Amino acid sequence: MDEEIGGAARQAQWKNYCKTLSLLAFQSLGVVYGDLSTSPLYVYRNSLSGRLNAYIDETTIFGLFSLIFWTFTLVPLLKYVIIVLSADDNGEGGPFALYSLLCRHAKFSLLPNQQAADEELSTYYQPGTDRTAVSSPFKRFLEKHRKLRTCLLLFVLFSACMVIGDGVLTPTISVLSAISGLQDPATSGLSNGWIVFIACGVLVGLFALQHRGTHRVAFIFAPIVVLWLLSIGIIGLYNIIRWNPRIFVALSPHYIVKFFKKTGRDGWISLGGVLLAITGTEAMFSDLGHFTAASIRLAFVGVIYPCLVLQYMGQAAFLSKNMPAVYNSFYLSIPRPLFWPGFVIATLAAVVGSQAIISATFSIVKQCLALGCFPRVKVVHTSRWIHGQIYIPEINWILMVLCLAVAVGFRDITVIGNAYGLACIAVMFVTTCLMSLVIIFVWQKNVLISLLFLVFFGAIEAAYLSAAVMKVLQGGWAPIALAFVFMSIMYVWHYGTRRKYMFDLQNKVSMKWILNLGPSLGIMRVPGIGLIYTELVTGVPAIFSHFVTNLPAFHQVLVFVCVKSVPVPYVPIDERYLIGRIGPREYRMYRCIVRYGYKDVQKDDENFENHLVMSIARFIQMEAEESTSSGSYESSTEGRMAVVHTTDTTGTGLVVRDSTDDDAAAAAGTSSLTRSSKSETLRSLQEIYELESAGNVSRRRRVRFQIDEEERIDPRVRDELSDLLEAKEAGVAYIIGHSYVKARKNSNFLKTFAINYAYSFLRKNCRGPSVTLHIPHISLIEVGMIYYV
């Protein structure tokens with residue numbers, strides 16, 4: 001009987017798993033494969049352009065299809081579906097995920113404020129990783145040389161710049177290729193100028209809708225792509241039967257040999273067009289975080305692979321009997337009665353394919369931002385349910401302007417295809433190189449296996465890369481120019497930010513100076529909590545002494561807040577806060593380190609102040625318990641940090657009650673709560689601010705903290721908690737430094753230009769730190785300071 005029940009339960013679990021897997025696979029068709037599935041619009045057109053026109057016959061077309069088939073089999077199917085999708089970082093994929101894995105399993109990271117405590121995160125190491133394994137000589141060699149680690153970071157940033165280039169070129173070529181069907185004299189016969197004008201209108205509409213978020217139309221995207229794939233698969237099968245069933249013999253790689261024997265160098269240059277068949281493949285890995293590896297594999301093997309192979313085979317069969325149709329082979333291969341439905345579906349599919357790479361570009365920029373390699377931009381989380389769905393207004397409009405510039409400037413799909421192919425193959429080559437390192441350092445496999453992977457796939461991609469480079473003058477310069485501009489921005493920002501951090505690190509305020517000031521810090525301590533933002537995870541920043549010498553009073557409780565990124569995709573909320581103490585207890589100075597992963601979105605969290613108070617209260621209790629067990633309450637190690645959970649009040653010695661105006665009035669005279677010290681003017685300003693921000697304030701849970709009278713608490717701990725609650729009731733102020741970074745007078749020309757002009761320009765034209773940290777303006781205090789670096 002028990003066996004029957006167990007069997008029924010397993011069967012039910014299996015059915016649920018299959019149902020979930022099928023649903024995810026269906027959704028992935030709309031998000032992941034939009035770009036890859038629209039490649040048949042322009043592959044043959046680009047491949048057979050230029051000098052290859054002189055060789056067009058059945059043998060050449062068969063050989064070209066054989067090249068497309070084997071490229072499509074070896075790279076997307078063998079490399080990505082079977083191998084690379086297994087190298088996920090806690091479910092995340094892409095070049096940054098591979099780099100993050102390498103940084104955690106070897107000391108490759110260049111992030112300046114990393115701590116040993118970060119390695120205790122539950123998501124830091126892969127399951128089954130042997131942390132006691134003896135490091136190889138190769139690993140020690142890479143860890144020892146900082147320049148090699150810098151080159152690795154630059155390599156990854158170059159890949160990120162090429163992905164941004166994809167974000168410009170993919171929408172342009174996809175939409176232009178779809179609209180180009182209207183050039184056929186048998187339909188409307190529009191001129192090239194009208195085609196570009198209509199394409200620009202579609203592009204403007206596409207980018208204008210980005211702020212709504214892709215999740216709102218995710219279920220619309222998937223049916224469009226499914227309909228598109230089934231349509232082109234059926235049309236391909238029709239063309240095979242109708243025009244040339246012999247095309248099946250071209251599945252033999254023998255036709256590739258015949259193709260190169262006949263075309264020689266011109267055939268090799270045509271590889272730049274063939275690689276367009278695999279553009280969008282990187283999205284399978286980059287968008288892994290939204291789905292699962294199993295669902296992406298199922299969608300590729302079950303739908304993408306057979307439908308696209310049939311379409312490429314059908315186009316080749318059509319072209320073998322209709323060779324003059326090369327200029328628009330996709331639309332001309334569609335039976336006349338089906339042209340307009342095919343045109344509409346193709347246009348919709350092109351928009352869907354563009355959406356996928358635009359979303360990926362937002363994600364890449366967010367990851368560069370987490371590494372400190374991109375100027376501050378506003379990141380908007382567009383979905384409550386799908387983690388990682390973001391929108392970046394500045395990047396969206398920059399991409400739109402660049403897309404329009406490419407469409408109007410080039411006007412030629414072949415030229416845009418040359419640029420597009422170079423950007424895509426560069427990203428794939430970087431992934432291959434990073435994967436070879438992951439095989440050694442993360443999977444801990446033999447170096448020979450890594451070399452076999454690198455040589456086999458690296459050789460294939462190097463061949464395509466060399467062909468793409470040959471077309472630099474025919475449009476291939478565009479992604480290189482874009483990469484150069486974005487790399488320059490990233491490098492200048494990273495350099496300036498790092499020099500500023502090093503200045504703070506080298507000019508920290510000594511603990512002796514703070515102790516000499518006494519608990520009052522030599523100034524008036526007024527009720528309230530002061531949150532001082534800094535990038536340092538240890539010590540007190542130099543700007544603090546600037547505050548003390550320029551402000552007549554300071555808050556009763558001071559918290560040094562450091563918001564930092566760690567090389568993991570997500571940090572669990574229960575592991576996000578590290579709390580510590582600075583100086584003796586009577587100083588009431590604490591440190592709070594808030595940790596985010598490179599895929600985490602720092603949302604406008606209205607409960608941050610409440611979380612902070614609970615975290616500090618729990619830390620005070622934890623510290624007292626440890627001190628009691630050691631027999632000395634007064635012992636306190638300066639710099640000690642503890643991970644503190646913020647999901648409930650257990651162990652804080654506090655109780656939380658929802659606060660209303662009536663409750664506040666009734667509680668005004670109680671001993672457990674203190675009266676706010678805010679002036680009438682400040683209160684009126686607060687009321688105006690809350691009315692203007694009514695949409696956000698309505699979601700805020702208003703709470704009031706009280707000391708738990710039923711819990712036995714040490715009197716000294718009770719006093720400290722009472723001071724904390726008194727300060728919280730008085731109000732919270734956010735204090736940041738408005739810094740001006742200048743190069744020293746003896747700096748060389750390059751450094752002076754980079755710091756005084758380039759970095760200064762970027763700082764003036766990017767978002768302020770108060771915006772990216774979601775600091776309410778009504779509570780913000782900025783103090784100016786000049787950094788000479």
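The values are calculated or read from the model by the stated rules, or taken from the named source; none is laboratory data. These numbers were taken from a predicted model, which means no experiment stands behind them. Cβ: placed from backbone, ideal geometry, glycine included. Neighbour counts: every protein chain shown. Each accessible area value is taken on the protein alone, full model and side chains, heavy atoms only, with ligands, DNA and RNA left out. Shrake-Rupley method; radii C 1.70, N 1.55, O 1.52, S 1.80 Å.
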For the range 17-35, pairs from a residue that is within 17 Å of residue 351 (Cβ to Cβ) to a residue that is aromatic (Phe, Trp, Tyr) and open to solvent by 10 Å² or more (accessible area, probe 1.4 Å), with Cβ under 6 Å and 6 or more apart or across chains, are 30/221
Over the range 544-570, the set of residues open to solvent by 10 Å² or more (accessible area, probe 1.4 Å) and farther than 30 Å from residue 91 by Cα is 545, 546, 548, 549, 550, 551, 552, 553, 555, 556
Anything in the range 750-789 that is farther than 27 Å from residue 549 by Cα, aromatic (Phe, Trp, Tyr) and more than 25 Å from the chain's Cα centre (by Cα)? List them, or say none. 753, 757
Check every one of the helices (runs of 4 or more DSSP H) wholly within the range 297-396 and list those with 1 or more residues that are of a type in the set (Lys, Arg). 305-321, 339-370
Take the range 712-734 and flag every residue that is in contact with a Pro (Cβ under 7 Å, 6 or more places away or on another chain) and either more than 18 Å from residue 586 (Cβ to Cβ) or assigned to a loop (DSSP other than H, G, I, E, B) (or both). 730
Among 30, 94, 34, 63, which is on the phi > 0 side of the Ramachandran plot and buried (at least 22 other Cβ atoms within 10 Å of the Cβ)? 94
Given the criteria exposed (fewer than 15 other Cβ atoms within 10 Å of the Cβ) and in a strand (DSSP E or B), does residue 737 qualify? no
Please return the ranges of helices (runs of 4 or more DSSP H) entirely within the range 193-278 where 1 or more residues are within 23 Å of residue 37 (Cβ to Cβ). 218-243, 271-274
Out of all the residues in the range 556-563, is one or more over 28 Å from the mean Cα position of the chain (by Cα) and without any contact (Cβ under 8 Å) to a residue 60 or more places away in the chain? yes
For residue 489, state whether it is in a helix (DSSP H, G or I), of a type outside the set (D, E, K, R) and at pLDDT below 85. no
Counting only residues that are of a type in the set (Ser, Thr, Tyr) and under 17 Å from residue 282 (Cα atoms), give me the helices (runs of 4 or more DSSP H) lying completely in the range 12-104 with at least 2 of them. none
Considering only the range 582-604, state which residues are open to solvent by 10 Å² or more (accessible area, probe 1.4 Å), in a loop (DSSP other than H, G, I, E, B) and within 30 Å of residue 527 (Cα to Cα). 583, 584, 588, 602, 603, 604
Looking across the range 314-334 at residues that are open to solvent by 20 Å² or more (accessible area, probe 1.4 Å) and hydrophobic (A, V, I, L, M, F, W, C), the single one that is farthest from residue 235 (Cα to Cα) is 323
Considering each residue of the range 449-461, count those that are under 27 Å from the mean Cα position of the chain (by Cα), open to solvent by less than 40 Å² (accessible area, probe 1.4 Å) and of a type in the set (A, V, I, L, M, F, W, C), and give that number. 2
Sole miss for residue 501 among (1) out of contact with any Asp or Glu (no Cβ under 6 Å at 6 or more places or on another chain); (2) open to solvent by less than 20 Å² (accessible area, probe 1.4 Å); (3) of a type in the set (Phe, Trp, Tyr) is condition (1)
Starting from residues that are at pLDDT 85 or above and hydrophobic (A, V, I, L, M, F, W, C), keep the ones in the range 374-399 and report whichever is surrounded by the fewest Cβ atoms within 10 Å (Cβ to Cβ). 397
Residue by residue through the range 54-99, note down the ones that are hydroxyl-bearing (Ser, Thr, Tyr) and either within 30 Å of residue 572 (Cα to Cα) or touching a strand residue (DSSP E or B) at 6+ places or on another chain (Cβ under 7 Å) (or both). 80, 86, 99
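Conditions tested, residue by residue: (1) under 28 Å from residue 354 (Cα atoms); (2) not polar (S, T, N, Q).
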site: 207; (1), (2): yes, yes
site: 211; (1), (2): yes, yes
site: 231; (1), (2): yes, no
site: 243; (1), (2): no, yes
site: 248; (1), (2): no, yes
site: 265; (1), (2): no, yes
site: 273; (1), (2): yes, yes
site: 286; (1), (2): yes, no
Among the residues of the range 763-783, is any modelled with pLDDT of 85 or more and either under 18 Å from residue 614 (Cα atoms) or surrounded by 17 or more Cβ atoms within 10 Å (Cβ to Cβ) (or both)? yes
Please specify each residue of the range 351-373 satisfying the condition of being closer than 17 Å to residue 206 by Cβ, of a type in the set (Gly, Ala, Ser) and open to solvent by less than 20 Å² (accessible area, probe 1.4 Å). 353, 354, 356, 360
Of 111, 182, the only residue that is modelled with pLDDT of 75 or more and either over 28 Å from residue 425 (Cβ atoms) or in a helix (DSSP H, G or I) (or both) is 182
With respect to residue 256, is the statement that it is open to solvent by 70 Å² or more (accessible area, probe 1.4 Å) and more than 22 Å from residue 166 (Cβ to Cβ) true? no
So if I check each of 579, 573, which one is open to solvent by 30 Å² or more (accessible area, probe 1.4 Å) and touching a residue at least 60 places away in the same chain (Cβ under 8 Å)? 573
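Yes or no, residue by residue, for (1) open to solvent by less than 30 Å² (accessible area, probe 1.4 Å); (2) under 24 Å from residue 420 (Cβ atoms); (3) free of Cβ contacts under 8 Å to residues at least 60 places away in the same chain; (4) in contact with a helix residue (DSSP H, G or I) (Cβ under 7 Å, 6 or more places away or on another chain):
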{"position": "262", "(1), (2), (3), (4)": "no, no, no, yes"}
{"position": "282", "(1), (2), (3), (4)": "yes, yes, no, yes"}
{"position": "307", "(1), (2), (3), (4)": "yes, yes, no, yes"}
{"position": "312", "(1), (2), (3), (4)": "yes, yes, no, yes"}
{"position": "336", "(1), (2), (3), (4)": "no, no, no, no"}
